[in-house]
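Novice: One structure follows; several queries about it will come next.
The values are calculated or read from the model by the stated rules, or taken from the named source; none is laboratory data. Every value quoted in this text rests on a predicted model; they were computed, and no experiment measured them. We place every Cβ from the backbone using ideal geometry, glycine too, and count neighbours over all the protein chains shown.
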Amino acid sequence: MENTIEKALTGIEQVTGSRNRGEAVVFSDFLKIMVRRPSRVSRNVFQLFHDMVMSQIDDGVDEYEGDPESINFVYYDCSRLFAEDSDHPFFPDRLFANRFIHQIEAFKRGAQQNKIYIFEGPHGSGKSTFLNNLLHKFENYVNTPEGMSYETLWRLDRSLLDRHAEKDTIVAVEKLLQLLETPSTGKHELIEAQRELSSTGEYLEIPCPSHDHPLLNIPKEVRRKFLDDLFLNDEEKWKLFTEKEYEWIFKNNPCTICSSLYQALLSRLHSPTKVLNMLYARPYRYNRRLGEGISVFNPGDHSTKNYVLTNDILQSRINALLRDSNEVQYLYSKFAKTNNGIYALMDIKSHNTSRLIELHNIISEGVHKVVDLEENVNSLFLALMNPEDKKHIENFQSFTDRIEYIHIPYVMDLTTEVEIYRNIFSRHLGQSFLPRVLNNFARTIISTRLDKTSDALLEWIGDPKKYSMYCDENLHLLKMEIYRGYIPEWLTEEDRKRLTATRRRRIIDESEKEGWQGLSGRDAIKLFGEFFSQSARKDRLINMTNLYKYFQKLPVDSAVMIPEGFLDSLVRMYNFSVLQEVKESLYYYNEAQIARDIKNYLFAVNFEIGSTQTCRFTSDRLEITEDFLGAIERRLLGSQESPEILIQFRRDVQKRYAGRTLTQEILLENRAVEETYLFKDLHDRYVFNLKEKVLDPFMENQNFRNAIRDFNNVEFKTYDDRIREDVTFLIKNLCQNFNYTKRGAREVCMYVTDQELAQKFSHR
Ligand SMILES: [Zn+2]
């Protein structure tokens, strides 16, 4: 029993120890660590924040690598940063992810400190989830070895500063022993006595409440020289000394507590080395709940009354040890606790409005007064804001130069929108839908969030009508593709060429103004849930007809948000696309079949009608009948030709085959049959007629339609070979090339039949 308890306790110790242990090291040892990893050990909060984000995100993916007009609008997988290990994952779309990463890169360059970063977006855009997840990941990161940073801790050696130290200790020990022997001693008294003993121990520990980086305690005027001597002339040193992101190392001052301590110690010890021997570095332990390094304020949080924080016990010990009144004043503000950390405001309303105004004043100066001392503030200031709350700070003209707005609107990239549904409803959501339909739900939602007209697209495309088969007249469907990093194949070659970097940038820039209205994230999830539960059936997949009907019946307040004509365009685009898929799937099959038909035909024309032969090219056993030859001839020439023409054609082919193809090309020149002139000629004819006629079975052949319906039923066996073969190949190709399941492929063919798409689009 005792063994297991001990084991369990050791287990806890190991886990918590590995995360938060980290002893203070004397400054000279800290320098050794620093020499080993200069750029890692010297990071301010902006650099740390940057490194944290980048540690969670891989390099962006450019789907069109090598495109000379690329504007580097790439795909970032943000799932590790915003979704993994999170109760409430956040899904940034491609637009926001790019915006965010650019901002993070700016943090690292250090060009934009002394600013407040406000993430501004409408209700239901997921702002608070975004910030909470971000802060959570930051807190985790900075408490790992990889993300660790150091802060200042002073350990004043009593033996060097106070001749009376020894005597004090003896008195304190005696007092404690006395108390322990007295049975009536209260717990409180014991603790007090112990504390007094520790305070009279070898050292007096004074933590820096501003979490100053230990290096800042090297006086500024000698710091550059000091570091120059410390480091070898290598690349890391070069970085440290020249890059803007490390400027703070040479520029910043320690807090007044640290600097006055330094001065006080120097005046007693008369040696900077002896002073620095009392300087320690310890891991900066960030803790959001305690407000150390990370503080998050909600609008309803009341301001703390004591603006000035002190520590009376520590102050009296400092005074006692230094035997001087007020030389070192241990007082600081709440901002010290997030120095080198993150100070965040959730929503600019109520108490947070005054907090923001207070921040602004501090940031403008970079320092603020705490009683009569100046306190440095170098924090990452983040805030969230709804557009309607902007009025609270409108009267402060000077805000504009200190605030950086980063827009966080509704999702406008359909890949992300679908990912959100998947996350909430089911990873396997797609299995309940025909391909494209789930995306089309997202497209409809996103259509409510886009501006009606796009100057950038109109300037590029000109007249939208030329794409009426693929796109709505507001070009929303085109814009959505570009917002998800995809350049549609249906664009003409000319328009594709005109999609220059400048035009791309203009289009992406329009996204800054969009996504502020329309159906919110919450609305979309609610609608999707409703649609899904209404339409999901065991016996069939959710299709476009379901989708169209659902949005048609939407309550007016939501329905008006969908642009006029959008749904019809969406259905038209869908119909056109699936018809293309079906066409290609039928045609693919024929590509394989064509060669076989032609080879058999070339062989068969040399024999008498009624004979049975084995083809030398395909090894097929052929019953050479009028029907057999006629069927292939109609594929080669079209079904309108008269029997006389067919017979004439057959004679010509036989003559050419015997005269040149076989004797000259195959036997003499050793060519494969596919490489002969005659084969190529027939092949071209076959393909030409096929493309014209590929949808004929859908239009004319009731049997073909029935066979699709009965595919996978026992009745399917009752259809003739040719139809069965055609349908099977069609289904197979739809599965292989267009991601259908067998069931989905059958259903989409039924859809094409029911909607008479072949007839509707036959003029094309
Ligand atoms: Zn300090």
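Novice: What are the residues in the stretch 237-273 that are more than 16 Å from the ligand (Cβ to nearest atom) and of a type in the set (A, V, I, L, M), if any?
Specialist: Result: 240, 269.
Novice: If a residue has to be assigned to a helix (DSSP H, G or I), within 30 Å of residue 541 (Cα to Cα) and touching a residue at least 40 places away in the same chain (Cβ under 8 Å) to count, how many in the stretch 384-428 make the cut?
Specialist: The qualifying residues number 10.
Novice: Continuing with this model, one more query. What residue, of 582, 605, is more than 30 Å from residue 550 (Cα to Cα), crowded, with 18+ Cβ neighbours inside 10 Å and either basic (Lys, Arg) or touching a residue at least 40 places away in the same chain (Cβ under 8 Å) (or both)? Spell out how you get there, then give the answer.
Specialist: Working: 582 fails: more than 30 Å from residue 550 (Cα to Cα).
Selected residue: 605, the only one of 582, 605 that is more than 30 Å from residue 550 (Cα to Cα), crowded, with 18+ Cβ neighbours inside 10 Å and either basic (Lys, Arg) or touching a residue at least 40 places away in the same chain (Cβ under 8 Å) (or both).
Novice: Taking residue 507 as meeting all but one of (1) in contact (Cβ under 8 Å) with a residue 24 or more places away in the chain; (2) in contact with a Lys or Arg (Cβ under 9 Å, 6 or more places away or on another chain); (3) farther than 24 Å from residue 478 by Cβ, write down the number of the exception.
Specialist: Tallying (1) in contact (Cβ under 8 Å) with a residue 24 or more places away in the chain; (2) in contact with a Lys or Arg (Cβ under 9 Å, 6 or more places away or on another chain); (3) farther than 24 Å from residue 478 by Cβ, residue 507 fails exactly one: (3).
Novice: Mind checking which residues of the stretch 279-313 are farther than 27 Å from residue 132 by Cα, in contact with a Phe, Trp or Tyr (Cβ under 6 Å, 6 or more places away or on another chain) and crowded, with 17+ Cβ neighbours inside 10 Å?
Specialist: 279, 281
Yes or no, residue by residue, for (1) surrounded by fewer than 18 Cβ atoms within 10 Å (Cβ to Cβ); (2) within 25 Å of residue 130 (Cβ to Cβ):
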site: 37; (1), (2): yes, no
site: 45; (1), (2): no, yes
site: 52; (1), (2): no, yes
site: 55; (1), (2): yes, yes
site: 62; (1), (2): yes, yes
site: 67; (1), (2): yes, no
site: 86; (1), (2): yes, yes
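Novice: Condition first: touching a Ser or Thr at 6+ places or on another chain (Cβ under 9 Å), among the small types (Gly, Ala, Ser) and surrounded by fewer than 21 Cβ atoms within 10 Å (Cβ to Cβ). Now tell me which residues in the stretch 400-450 satisfy that.
Specialist: 426, 432
So that you can scan it fast, the table gives a plain yes or no per residue for (1) assigned to a strand (DSSP E or B); (2) at pLDDT 90 or above:
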| position | (1), (2) |
| --- | --- |
| 609 | no, yes |
| 613 | yes, yes |
| 629 | no, yes |
| 641 | no, no |
| 650 | no, yes |
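Novice: Still on this structure, please answer the following. So the check is Cβ under 8 Å with 6+ separation or different chains; which pairs have a first residue in the stretch 190-211 that's under 26 Å from residue 339 (Cα atoms) and at pLDDT 85 or above and a second one that's within 15 Å of the ligand (Cβ to nearest atom) and polar (S, T, N, Q)?
Specialist: 207/152; 208/152; 210/339; 210/340; 210/376; 211/152; 211/339; 211/340
Novice: Starting from the stretch 459-471, keep only residues that are part of a helix (DSSP H, G or I), then list their pairs with residues that are of a type in the set (A, V, I, L, M, F, W, C) whose Cβ atoms are within a distance under 6 Å, requiring at least 6 positions of separation or different chains.
Specialist: That search, which allows pairs on different chains as well, returns 464/475.
Novice: Same structure, new question: Which pairs turn up if I take residues in the stretch 736-758 that are at positive phi and look for partners that are of a type outside the set (Asp, Glu) and at pLDDT 95 or above with beta carbon separation below 6 Å, at least 6 apart in sequence or on another chain?
Specialist: Partner pairs satisfying both residue conditions: 739/435.
Novice: For the stretch 212-236, which residues satisfy the criterion of being in contact (Cβ under 8 Å) with a residue 24 or more places away in the chain, basic (Lys, Arg) and either within 13 Å of residue 42 (Cα to Cα) or more than 16 Å from the ligand (Cβ to nearest atom) (or both)?
Specialist: 224
Quick grid of which residues meet (1) of a type in the set (A, V, I, L, M); (2) modelled with pLDDT under 90:
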residue	(1), (2)
671	no, no
678	yes, no
682	yes, no
702	no, yes
712	no, yes
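Novice: Would you check if residue 279 is away from the ligand (no atom under 14 Å from the Cβ), within 18 Å of residue 31 (Cα to Cα) and not charged (D, E, K, R)?
Specialist: So residue 279 does not fit the description; no.
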